Amino acid sequence: MKTGAFSGFDLTIRDKGIAWFQFNTPERLNGMTTAIKRDLIEAVTQAQMDNDVRVLVFTGTGRAFCAGDDLKAYKSAELGGLPLVDPIPPGHENPLSTYDGLRTISQQLNTTVRNIDKLTICAINGVAIQTGFSLALSCDFRIASENARMGSATLRFGLLPDEGGQYLLVRLLGVAKAMEFMMRKQIIMADRAMELGLVNQVVPADQLESETMALASELADGPQVSMRLLKKSILNAAELSWEHALDEIASKTAISDHHSDAKEGVAAFHDKREAKFNDWLES
């Protein structure tokens with residue numbers, strides 16, 4: 001896949017196939033634009049299809065992870081880097097184009113991140129509001145700096161959160177707590193997010209990158225086929241009936257049980273040694 005400086009973010013591939021996405025417009029609090037979202041969608045899609053990539057990490061630069069959409073620069077901004085995709089109209093000129101812009105671009109970013117079967121981590125280095133918050137919630141794991149703040153404040157402007165954050169909050173908090181969180185326009189610190197279960201870990205600011213890399217490396221070393229199938233089963237579990245969930249689990253187990261990773265795992269157990277998974281990716 002392509003790496004380098006793209007619209008609003010840098011992309012590098014680190015050891016063990018860890019794709020590191022870092023937003024690079026701190027002077028704008030890493031605010032999102034149509035161009036950034038479209039490049040992110042393309043880059044995440046490339047990462048999904050690249051066998052050398054195992055884990056995706058999203059983080060920011062400066063005092064923000066992403067403070068929402070950059071409304072002043074939404075239609076045009078000098079972002080630097082090499083665009084991955086050609087520009088298109090951002091929409092939002094009228095009700096129909098707002099619907100199209102949301103479904104085709106803004107909501108599609110979170111959908112793409114949620115739908116890939118590779119594991120994703122959000123390293124929340126600072127402020128994560130609206131677009132940044134929903135992107136963080138779309139990831140499988142969230143590690144927050146002790147300085148991080150997060151939430152959705154669109155009601156302060158009389159606007160709806162429009163990228164799926166309320167759906168994700170309901171899944172994480174339940175209806176009552178999600179209702180209170182959003183209706184009262186809460187912006188919370190990392191420790192409160194930890195109490196609510198919105199983040200998996202809170203770490204000192206100077207340890208965020210190392211702790212994130214440690215988790216990413218652990219996930220990258222795991223049996224990729226079984227982990228990716230398990231991710232889908234966990235996400236599907238909230239949507240399926242008991243019988244449908246069991247059938248879905250059985251169909252995925254029929255794949256994982258006969259994969260070379262499973263054979264290696266069983267052999268390592270009998271030999272009393274550490275399993276070495278993913279030979280199929282390295283051959």
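Since every read-out is calculated from the coordinates, none of them should be taken as a lab result. Owing to the predicted nature of the structure, the values given are computational and were not obtained by experimental measurement. As a convention, Cβ positions derive from the backbone with ideal geometry for all residues, glycine included, and neighbour counts pool all protein chains shown.
Loop-located chymotrypsin sites (Phe, Trp or Tyr not before Pro) in region 51-135 (DSSP state other than H, G, I, E, B) with a sparse environment of at most 12 neighbouring Cβ atoms within 10 Å are absent.
Each of the GluC sites (Glu not before Pro) that DSSP puts in a loop and that has at most 12 other Cβ atoms within 10 Å breaks the chain; the longest unbroken stretch is 94-238.
Each residue in Lys177, Lys272 was given a count of other beta-carbon atoms within 10 angstrom of its own, and listing them fewest first yields Lys272, Lys177.
Mind checking which of Arg273, Arg103, Arg38 has the largest fluctuation in a GNM of the chain, springs on alpha carbons under 10 Å? Evaluated over the chain, the most mobile residue of the options is Arg273. Listed by chain and number, the lysines whose C-alpha is less than 20 Å from the C-alpha of Lys16, apart from same-chain residues fewer than 8 away, are Lys2, Lys118, Lys231, Lys276. The candidate values are (i) 19.8; (ii) 19.2; (iii) 22.6; the one derived from this structure for Kirkwood radius over Cα pairs in Å carries the label (i). From least to most packed, judged by other beta carbons within 10 angstrom and beginning with the fewest, Cys66, Cys122 follow the order Cys122, Cys66. Taking amide H atoms as placed 1.01 Å from N in the peptide plane, the amide H of Gln130 lies under 5 Å from those of Gly151, Ser152, Ala153, each 5 or more residues away in sequence or on another chain. Taking the fewest neighbouring Cβ atoms within 10 Å as the starting point, the ordered list for Leu208, Leu71 is Leu71, Leu208.
Only one residue of Leu240, Val225, Thr253 has its Cα farthest out toward the positive end of the dipole of region 224-282, where Lys and Arg carry +1 and Asp and Glu -1 on Cβ, and that residue is Val225.
Which lysines, if any, have their Cα less than 18 Å from the Cα of Lys272, not counting same-chain residues under 8 positions apart? Leaving aside lysines fewer than 8 places away in the same chain, those within reach of Lys272 are Lys263.
In percent, what relative contact order does the chain have, based on Cα pairs under 8 Å that are 6 or more apart in sequence?
16
For region 215-227, backbone phi angles converted through the Karplus equation (6.51, -1.76, 1.60; θ = phi - 60°) give residue-by-residue couplings of 5, 4, 5, 4, 5, 5, 7, x, x, 4, 4, 5, 5 Hz, Gly and Pro being listed as x. Placing +1 on the Cβ of every Lys and Arg and -1 on the Cβ of every Asp and Glu, with no other charges, gives region 224-282 a dipole of roughly 160 debye about its Cα centre. Amide H contacts under 5 Å for Phe6: Leu11, Leu82, restricted to partners 5 or more places along the chain or on a different chain, H placed in the peptide plane at 1.01 Å from N. Roughly how big is the chain's charge dipole about its Cα centre, with Cβ charges of +1 (Lys, Arg) and -1 (Asp, Glu), in debye to the nearest 20? Value, rounded to 20: 640 debye. If the Kirkwood radius is taken over C-alpha pairs of region 224-282, then at 25 °C and 0.890 mPa s the Stokes-Einstein diffusion coefficient equals 195 µm²/s. Reducing region 215-283 and region 122-147 to their Cα centroids gives an inter-centroid distance of 27 Å.
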